[in-house]
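Asks: Could you have a look at this structure, given as structure tokens, before my questions?
All of the numbers you see were taken from the coordinates with simple rules; none came from a lab. In this text, all values refer to a predicted model and were calculated from it rather than measured experimentally. Every residue, glycine as well, gets a Cβ built from its backbone with ideal geometry; the counts of neighbours run over all protein chains shown.
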Amino acid sequence: MSASKDSLTVITRFAPSPTGALHLGNARTAFFSHLWARKSGGRFILRIEDTDAERSQLRFRDELMAEMRWLGLTWDEGPDIGGPSAPYSQAERGEFYRTLFAQLAANGEAYPCYCTAEDLELSRKLQRMAGKPPRYAGTCRNLTGAQRGEREARGLRPTLRFAVPGDRIIEFIDVVHGPQRFVSSDIGDFIIRRDDGTSAFFFCNAVDDSAMGITQVLRGDDHLTNTPRQLMVLDALGMRRPGYGHVGLLVGADGAPLSKRHGSTSVQEFRERGFLPAAILNHLLRLGHTSDIDGWLNTAEMPAHFRPEHLGRAPARFDESQLLHWQKETLERMSAGQISAWLGSGDAADFVELVRHNVVLPADAAPWRAVVDGELPPLGQDEQRVIAAAGPEFFAAAAAAFDQTNSDLKELTKILKQRTGRKGADLFMPLRAALTGQVHGPELAPLLKLMSPETARRRLRSHAQNT
RNA sequence: GCUCCCUUCGUCUAGUGGCCCAGGACAUCGCCCUCUCACGGCGAGUACACGAGUUCGAAUCUCGUAGGGAGCACCA
């Protein structure tokens with residue numbers, strides 16, 4: 001086999017901020033990045049963007065890593081395992097950033113800004129009202145040394161702003177959107193160091209990607225217009241530019257960004273409901289990406305079917321019915337033992353084998369457990385209709401027949417057929433409804449054998465009484 | 001407001017000027033299987049946002065319109 005483009009080493013990363021649960025949308029970009037690295041035999045790096053000390057929590061970081069491992073998204077370098085570019089938590093990379101800040105400041109490519117948050121807000125407001133883009137007005141850009149000294153003396157702590165060069169064209173090729181072109185004069189000077197000395201996102205994110213040797217940054221569409229800023233920073237520092245790819249956002253059924261009201265949105269929630277990693281991954285593989293094969297894939301074979309050039313630009317709507325489909329496909333490929341472990345309730349093997357095709361999530365098994373040894377919930381409309389249509393005489397006959405045959409459905413229906421003249425659906429459906437409380441489900445004969453004769457008799461009799 | 005992005009069946013999507021009066025998958029519906037339903041098998045319907053242009057020919061190229069989204073933060 002000759003060397004192809006794919007065999008070039010691709011280094012990707014996932015750079016979450018530990019401020020909450022792992023969202024399905026983030027999991028998807030992490031997954032794509034992971035696939036790309038694996039596909040090419042490259043490396044996948046996990047970097048924690050915890051420069052926001054207020055919102056970042058160690059607990060979230062640990063959860064994030066746990067969910068990723070659960071999904072099977074393993075990383076080659078990261079905060080827990082280290083690597084050549086350590087540390088992998090931005091909170092620990094302050095020294096690196098400070099060196100670069102100094103370099104930019106020395107070259108006049110960044111300057112201290114003493115404007116207060118209130119000043120800036122007011123300025124933005126005024127610009128908006130004047131119908132202009134809310135950009136930094138450049139107040140502190142040309143301060144003299146004396147003016148700076150005066151502000152320092154007043155105890156003002158400056159931020160550091162990147163001095164955006166004048167009319168410059170910033171171009172790059174986005175892996176998913178194609179050639180992009182921006183004009184620097186549309187961009188205001190932006191903050192790269194906060195007044196507490198920590199690095200702002202635009203800066204540390206770009207600089208770390210470059211320093212860690214990332215070759216392909218895959219992230220959400222919302223960063224597309226941020227990219228020229230980051231490119232200018234890297235250019236000013238003389239640092240290598242990574243390639244960028246901006247994938248369409250994941251949205252809810254109504255087209256709005258995925259949120260709580262759409263139901264589960266975090267990997268944790270899907271895991272807790274009993275979704276399987278392979279199901280989630282199979283779905284994600286086709287959400288905003290087209291695999292070359294439609295069928296189910298196991299996690300190991302997915303990288304070979306990932307195609308960066310087939311990443312989608314349009315926002316993708318999350319539709320749980322498709323996830324459910326992959327869940328079924330995954331379940332079909334599991335052994336009874338695996339399903340039993342997944343159900344986690346110590347069910348008997350014959351029970352598991354019987355209901356496995358009627359269960360998509362663990363919660364779906366509960367009604368069948370109740371059918372076998374428990375109380376049936378109140379009947380639904382369809383069930384009531386079927387039972388009413390058969391009438392009490394039918395159930396009286398059924399109960400009588402049951403006393404002769406016990407749990408042998410074949411014998412039972414044979415006798416009932418003779419006595420009532422019913423056959424087919426008219427014969428089976430009332431029995432199913434009365435015995436299981438539902439008009440659909442696993443095969444009735446084995447189900448009947450699993451329940452105690454007393455239970456079955458009682459259920460049949462309960463419909464034999466009143467009219 | 002300005003800049004940028006997006007728009008093919010209900011949903012995920014294939015499609016880069018003729019192979020497309022548009023293909024696949026999910027969902028839906030129907031049929032078959034089963035003395036029953038579900039499971040399974042088979043099949044059907046449904047889409048190029050709109051309007052102009054370029055061209056012998058456009059889902060594909062150009063322009064405009066509409067709708068949706070993002071960014072312009074001491075949040076990432």
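Asks: Over region A:1-155, what is the mean sequence separation of C-alpha contacts under 8 Å (at least six apart), divided by residue count, expressed as relative contact order in percent?
Replies: Values: 166 pairs, mean separation 27.9, N = 155.
Contact order relative to length: 18 percent.
Asks: Would you please put A:408-416, A:14-22, A:149-157 in order of how densely packed they are, using the mean number of other Cβ atoms within 10 angstrom per residue and starting with the highest?
Replies: Details: A:408-416: 16.9, A:14-22: 20.3, A:149-157: 11.6.
Result, highest mean first: A:14-22, A:408-416, A:149-157.
Asks: Would you please name the trypsin sites (Lys or Arg not before Pro) within region A:1-75 that are DSSP coil residues with at most 12 other C-beta atoms within 10 Å of their C-beta? Don't jump to the answer; show the numbers that get you there.
Replies: Numbers: sites: A:Lys5, A:Arg13, A:Arg28, A:Arg38, A:Lys39, A:Arg43, A:Arg47, A:Arg55, A:Arg59, A:Arg61, A:Arg69; in loops: A:Arg47, A:Arg55.
When the trypsin sites (Lys or Arg not before Pro) of region A:1-75 are filtered for loop state and at most 12 Cβ neighbours within 10 Å, A:Arg55 remain.
Asks: If you don't mind, another one. By residue number, which cysteines of chain A lack any other Cys whose Cβ falls under 4.7 Å from their Cβ?
Replies: Isolated Cys, chain A: A:Cys115, A:Cys204.
Asks: Around A:His289, which amide H atoms from residues at least 5 apart in sequence, or from another chain, sit under 5 Å from its own amide H, with H modelled in the peptide plane?
Replies: Long-range HN contacts for A:His289: A:Gly312.
Asks: Nearest 0.05, what FRET efficiency do A:Ser184 and A:Thr144 give at R0 = 30 Å with Cβ-Cβ as r?
Replies: Working: r = 25 Å, r/R0 = 0.83.
Once rounded, the FRET efficiency stands at 0.75.
Asks: What nm distance separates the two modelled labels at A:Asn298 and A:Asp62, each placed 7 Å from Cα along Cα→Cβ?
Replies: Here the answer is 3.3 nm between the modelled labels.
Asks: Assuming R0 = 41 Å, what is the FRET efficiency of A:Ile169 and A:His310, from their Cβ-Cβ distance, to the nearest 0.05? Write down the numbers at each step before the final one.
Replies: On the way: r = 29 Å, r/R0 = 0.71.
Working from the Cβ atoms, E equals 0.90.
Asks: Where does the charge balance sit around A:Ala86 when Lys and Arg score +1, Asp and Glu -1, over other residues with C-beta under 12 Å from its C-beta?
Replies: Details: positive: A:Arg47, A:Arg93; negative: A:Glu77, A:Asp80, A:Glu92, A:Asp208.
Summing Lys/Arg as +1 and Asp/Glu as -1 gives -2.
Asks: If I stretch the segment between A:Asp403 and A:Gln384 completely, what's the gain in nm (0.36 nm per residue apart, minus their alpha carbon distance), one decimal? List each step's numbers first, then the result.
Replies: Working: separation 19, 0.36 × 19 = 6.84 nm, distance 2.41 nm.
Going from the current span to full extension adds 4.4 nm.
Asks: Rule-of-thumb check for region A:42-122: C-alpha Rg over 2.2 N^0.38 Å? Walk me through the intermediate numbers first.
Replies: Working: Rg = 17.2 Å, N = 81, 2.2 N^0.38 = 11.7 Å.
This ratio for region A:42-122 stands at 1.47.
Asks: Shifting gears a bit: Let me check I've understood the local charge: for A:Ala314, count other residues with C-beta under 15 angstrom from its C-beta, Lys and Arg +1, Asp and Glu -1. What total comes out?
Replies: On the way: positive: A:Arg28, A:Arg286, A:Arg313, A:Arg317; negative: A:Asp174, A:Asp221, A:Asp222, A:Asp319.
Within the 15 Å Cβ shell, the charges total 0.
Asks: Give me the net charge of A:Ala390's neighbourhood, meaning all other residues with Cβ under 12 Å from the Cβ of A:Ala390; Lys, Arg count +1, Asp, Glu -1. Show your work: numbers first, answer last.
Replies: Values: positive: A:Arg385, A:Arg422, A:Arg432; negative: A:Glu383, A:Glu393, A:Asp426.
Taking every other residue near A:Ala390 into account, the sum is 0.
Asks: Can I ask one more? How would you order A:94-102, A:264-272 from highest to lowest mean count of nearby Cβ atoms within 10 Å? Spell out each step's value before the answer.
Replies: Details: A:94-102: 14.9, A:264-272: 18.9.
Highest to lowest by the protection proxy: A:264-272, A:94-102.
Asks: Still on this structure: Percent of Cα-Cα pairs more than 39 Å apart in chain A, please. Walk me through the intermediate numbers first.
Replies: Values: 47146 of 108811 pairs.
The share of Cα pairs beyond 39 Å in chain A comes to 43 percent.
Asks: Something else: If a/c stays under 1.5 just call it rounded; otherwise compare a/b with b/c (prolate if a/b is bigger, oblate if not). Do that for region A:79-209, with a ≥ b ≥ c from the square roots of the Cα gyration tensor eigenvalues.
Replies: Because a/c hits 1.5 or more and a/b fails to exceed b/c, region A:79-209 counts as oblate.
Asks: What does a probe at A:Asp76 reach in region A:280-318, counting residues whose amide N is under 20 Å from the point 7 Å along Cα→Cβ?
Replies: A:299-309
Asks: Another question, then. Work out the P(r) tail for region A:20-166: percent of alpha carbon pairs separated by more than 19 Å, whole number. All intermediate terms of the calculation are to be shown ahead of the outcome.
Replies: On the way: 7309 of 10731 pairs.
Here the long-distance tail beyond 19 Å is 68 percent of all Cα pairs in region A:20-166.
Asks: To continue, here is another question. Multiplying the sequence separation of A:Leu126 and A:Ser345 by 0.36 nm and subtracting their Cα-Cα distance, what value in nm do you get? Don't skip to the answer; put the middle values down first.
Replies: Numbers: separation 219, 0.36 × 219 = 78.84 nm, distance 6.32 nm.
Here the answer is 72.5 nm.
Asks: Further question on the same structure: Can you divide the C-alpha Rg of region A:330-440 by 2.2 N^0.38 Å and report the result to two decimal places? Could you put the intermediate results ahead of the total?
Replies: On the way: Rg = 16.1 Å, N = 111, 2.2 N^0.38 = 13.2 Å.
My calculation over the Cα atoms of region A:330-440 gives 1.22.
Asks: Same structure, new question: Mind checking the dipole of chain A: about its Cα centre, +1 per Lys or Arg Cβ, -1 per Asp or Glu Cβ, Debye to the nearest 20? If you can, show how the numbers build up before the last one.
Replies: Values: 57 positive and 57 negative charges, 127 e Å.
With Lys and Arg at +1 and Asp and Glu at -1, about 620 debye.
Asks: At a Förster distance of 60 Å, what's the computed FRET efficiency of A:Ala445 paired with A:Arg55, Cβ-Cβ distance as r, to 0.05?
Replies: Numbers: r = 58 Å, r/R0 = 0.97.
So the FRET efficiency works out to roughly 0.55.
Asks: With angles folded into 0 to 90 degrees, how steeply does helix A:58-71 sit against the dominant principal axis of chain A? Use alpha carbons for both and round to 10.
Replies: The two axes meet at around 50 degrees.
Asks: Could you give each residue of region A:305-310 its phi-based ³J(HN,Hα) in whole Hz, using Karplus coefficients 6.51, -1.76, 1.60 with θ = phi - 60°, and x for Gly or Pro?
Replies: 10, 8, 10, x, 6, 10
Asks: Give, rounded to the nearest 20 debye, the magnitude of the charge dipole that region A:262-404 has about its Cα centre when Lys and Arg contribute +1 at Cβ and Asp and Glu contribute -1 at Cβ.
Replies: On the way: 11 positive and 20 negative charges, 127 e Å.
Roughly 620 debye, rounded to the nearest 20.
Asks: Quick check: Cα centre of region A:1-74 to Cα centre of region A:148-180, how many Å?
Replies: Cα centroid to Cα centroid, the span is 27 Å.
Asks: Something else: Could you give the angle, 0 to 90 degrees to the nearest 10, between helix A:227-237's Cα long axis and the longest principal axis of the Cα atoms of chain A?
Replies: 40 degrees
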